[in-house]
Amino acid sequence: MQTEFHIGIDDTDSRLGGCTTYTTALLFQELVSKGFKPLDFPWLVRLNPNIPWKTRGNGALSLHFTLEEDQMQEVKKTAIAAIERNTDLSQRSTDPAVVFLKGLVPTPLSEFAARALHSILSIREARQIAEALDVETHLLKGPRGLVGALASIGANFCQDHTFEIIAYRTRENIGITRRRVNHDSVRLMDAMFRGLTFNNVDDETGRVLICPHGPDPVLLGIRGEDPASVTKAFNQIEIDEPIERVMIFKTNQGTDAHLGCLRKIEALRPYQSTVIAGRVSVPPRVLRGGHVIFRTGDETGSVDCAAYRATGPVRETALQLVPGDSVTVSGGIRPRPIGELTLNVEKLEVTGLVDTVLLENPSCPNCGTRCESMGKGQGFRCRKCKARLPKTSKVQKLELRKITLGAYLPPPRAHRHLTKPDSRNGTHRHPQFETKSDNIDQTLESLVSISIAS
Ligand SMILES: [Zn+2]
C-alpha cells in the first residue's frame, strides 16, 4: 500500500553562500533517480519575512512523495545524508532540521504553517506539534530550524501559488559574484512572457532582477505562473557559463501569503507581518533620509507607520495622507527603543479620502480680483478697484486631493520574496496550471535535457 511521505527542511543556509534550495534540488533528483515517485515539485515555502534572526528570505523547503512502507527507511537515510553532506555545520547561524511525516498532512500542521507566515512561533510549540502529530524530527545542531521544517510541510497552496525555475552554477564559478547572463536576452524574455512570469526586470531602472549578486550557487531564478512557462522563459536566456543543474520549485513567492492576517492595533507585537485597517490620526512627517511617518488609528489604539524612501510610490502616497483618510496598511512590526511599535509599510491601500478645505481670501464682488487682507479681523480690500469688504472673512474652498483610492506597492526592486507584484493582480489560477504527476514527470525530463544541453 502506498502512502504520502513528506520531508521538511529548514535553515541549512549559511550567510556565506550555502543555499538550501540547492541541497533540496540535489536530494530531490537523487530520490527520483532511485525510482521514488514524487507527488509534486519541491516546495519552496517563504515564511514570515519580518523575523530578525532569520535570513531575509526565511525560506524552508519540502519534498512530497508516494512511497511503499518498506521504502521509507531508505528515503530517510538518503535525506539525512544529503543534508549532512551539504551543510557547513561550523556556521554559527546554521541550525539545520529535517522532519518526516507519513500520511496526509493533519489540520493542526496546516494551521501551524499558516501562522508561521505572519507570527513568531516558539520552538517549544514546534516540538509539541511534532510530538502530537508523530512527526519524526532530526536536528543536526540546535532546534531553531524545527519551526520552518514543520511549516514547509504544512504549507497551503490552494488559494494561490507560483513557480520558480532556478539554475545553479558549477563549483568553479561559485563565489564569482558576476553572472555571465545576457541582460538584453532577459529583457526580451520579460517582454515575451509578460503575465506568465514576473519580477524579471525593474521597469523604472531597467535593472535585471533574476540574478542574485552574492557568492551563493544560484545563477538565476525566473518566477512565473506555471512550470511550462518558466521553463520556456529560461530557454530564452543567453547564458555564457556552464550550468550545474536546474530545478523547478512550487512556491508561495509573489502571493502576499504573509499578509493574510488583519489585526487590531492593540494586538500588534514585534516581528509580526500584519495588516491593519483604520484612519490616519496624525499627518505625515518626513524624517531625515526622506522616510515618511504617519500615524494610523483604529478603535483599539494607534501606531506609527513608516514608509521608507525605497518604497517609492508607497512613500509618495503616504506623504499626501491627511487625518481622517481611511487606509489599510500592510507590513512588518518593529519595536522601538522606547517600547513603542512601528509598522514598516510594505503595501498601502487608500480606501477613503476625506475632503480637505483650503481657506482663501474672497474675490472682489465688483471686478472678481482676489482681495487682500487689511489685517487680522479687519476684513479685505480689492487692490484693483479699491472696494472694501470689512465684514467678510476667508472663504472655504475644496482642495483637489493629489492621490486616488487604490493599492500602492514599492517598485519590484524593493519587493520581498512574498510580495505580490502588481502584474499578478487579477491573476486567477487556471486549472491548467495545477500540477499533476504526469506533468511533473514530463517537466523533469525536460529539466534533465536542459542540464545536459548546457
Ligand atoms: Zn475689485
**Report entry** Column: log10 I(q)/I(0), Debye, Cα scatterers of the range 308-417, q = 0.11, 0.18, 0.20, 0.24 Å⁻¹
**Finding:** -0.59, -0.88, -1.00, -1.23
Report task. May I ask for log10 I(q)/I(0) of the chain at q = 0.06, 0.08, 0.10 Å⁻¹, from a Debye sum over the Cα atoms as equal point scatterers with solvent left out? Result -> -0.34, -0.54, -0.77
Query raised in the report: What are the principal axis extents of the Cα atoms in the range 305-348, in Å, biggest first?
Result: 28, 25, 15
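What trypsin sites (Lys or Arg not before Pro) does the range 257-352 have in DSSP loop regions with at most 14 other beta carbons within 10 Å?
K264, R288
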**Report entry** Kirkwood-based Rg to Rh ratio, the range 228-375, C-alpha trace
**Finding:** 1.22
Query raised in the report: Any idea what angle helix 437-453 forms with the longest principal axis of the chain, computed on alpha-carbon atoms, 0 to 90 degrees, nearest 10?
Result: 80
**Report entry** Partners for K264 among aspartates and glutamates (Cα-Cα distance below 13 Å; same-chain residues under 8 apart left out)
**Finding:** D298, E299
Query raised in the report: How big is the shadow of the Cα convex hull of the range 133-219, averaged over all directions, in nm²?
Result: 9.2
Report task. With +1 on each Lys and Arg Cβ and -1 on each Asp and Glu Cβ, and nothing else charged, work out how big the dipole of the chain is about its Cα centre, in Debye to the nearest 20. Result -> 3260
Report summary line: Placing +1 on each Lys and Arg Cβ and -1 on each Asp and Glu Cβ in the range 131-225, then taking the dipole about the Cα centre, the residue among A132, P217, A155 whose Cα reaches farthest towards the positive end is P217
Report summary line: Along the dipole axis of the range 238-318 (charges at Cβ: +1 for Lys and Arg, -1 for Asp and Glu; origin at the Cα centre), the most positive-end residue among V275, I293, P242 is I293
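Quick one: net charge around D325, please, counting Lys, Arg +1 and Asp, Glu -1 for every other residue with C-beta under 10 Å from its C-beta.
+2
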Query raised in the report: Net charge near M1, counting Lys/Arg +1 and Asp/Glu -1 over other residues with Cβ under 11 Å of its Cβ?
Result: -3
Query raised in the report: What are the lysines whose alpha-carbon lies under 19 Å from the alpha-carbon of K394, with same-chain residues fewer than 8 places away excluded?
Result: K376, K384, K386
Report summary line: Scoring only Lys, Arg, Asp and Glu (+1, +1, -1, -1) among other residues with Cβ under 13 Å from the Cβ of P242 yields +1
Requested in this report: Kindly state, to the nearest 0.05, the FRET efficiency for Q159 paired with E4, given R0 = 22 Å and r defined as their beta-carbon distance.
Outcome: 0.60
Query raised in the report: Roughly speaking, what is the stretch gain from R194 to L104, that is 0.36 nm per residue apart minus the C-alpha to C-alpha distance, in nm to one decimal?
Result: 28.8 nm
Query - On Cα atoms only, tilt of 20-33 relative to the major axis of the chain in degrees - result: 40
Requested in this report: Quick one: which residues, 5 or more positions from Y408 or on another chain, have an amide H under 5 Å from its amide H? H modelled 1.01 Å from N in the peptide plane, none for Pro or chain starts.
Outcome: L348, E349, V350
Report task. Would you mind checking which residues have amide H under 5 Å from L219's amide H? H placed 1.01 Å from N; only 5 or more apart, or other chain. Result -> A167, Y168, R169
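Every number here is computed from the coordinates shown, using simple stated rules; none is lab data. What you see is a predicted model; the values in this text were computed from it and never measured. Methodologically, a virtual Cβ is constructed for each residue, glycine included, from the backbone with ideal geometry; neighbour enumeration extends over all protein chains shown.
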